[in-house]
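The values are calculated or read from the model by the stated rules, or taken from the named source; none is laboratory data. Model, not experiment: these values are computed from the prediction. Quick reminder, even Gly has a Cβ in these numbers, built from the backbone with ideal geometry, and neighbours come from all protein chains shown.
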């Protein structure tokens, strides 16, 4: 299913794969995201608060040649904001060991809280945002050492 979503005046083209499979796969402007339900129940009749989506970060891609971003060869990777919003919770600190799918922080966008999850195992090296920060799409949130 293809849809257009507008957030803070920015239009995103979203291609959603099978909505009955977990996680739901959504491709936003060419970037792939996994969307997890915070509850197991997805039956008709559940309240909106019982079925809020949880968005995980996209798979990290290698930077272009000459980029200042560390390469995977150096063992570092970066978690970026999947959409613009406000950081309302940070659940890890530098030095914490995290595993794929673990919730790292919460980003509020359009009055919805989105759990930002680790896309791979690693160790948090830096936290690049603070609670209350307004972040834009693609902005660095954390850096990891694998």
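Of everything listed in (1) surrounded by 11 or more Cβ atoms within 10 Å (Cβ to Cβ); (2) modelled with pLDDT under 50, the single unmet condition for residue 96 is (2).
When residues in segment 1-16 are screened for being in contact (Cβ under 8 Å) with a residue 12 or more places away in the chain, in a strand (DSSP E or B) and more than 16 Å from residue 33 (Cα to Cα), 2 of them pass. Scanning segment 13-35 for residues that are in contact with a strand residue (DSSP E or B) (Cβ under 8 Å, 6 or more places away or on another chain) and surrounded by 16 or more Cβ atoms within 10 Å (Cβ to Cβ) returns 23, 24, 26, 28, 33, 34, 35.
Anything in segment 60-84 that is at pLDDT 90 or above and at positive phi? List them, or say none. Listed by number, the list is empty, since nothing qualifies.
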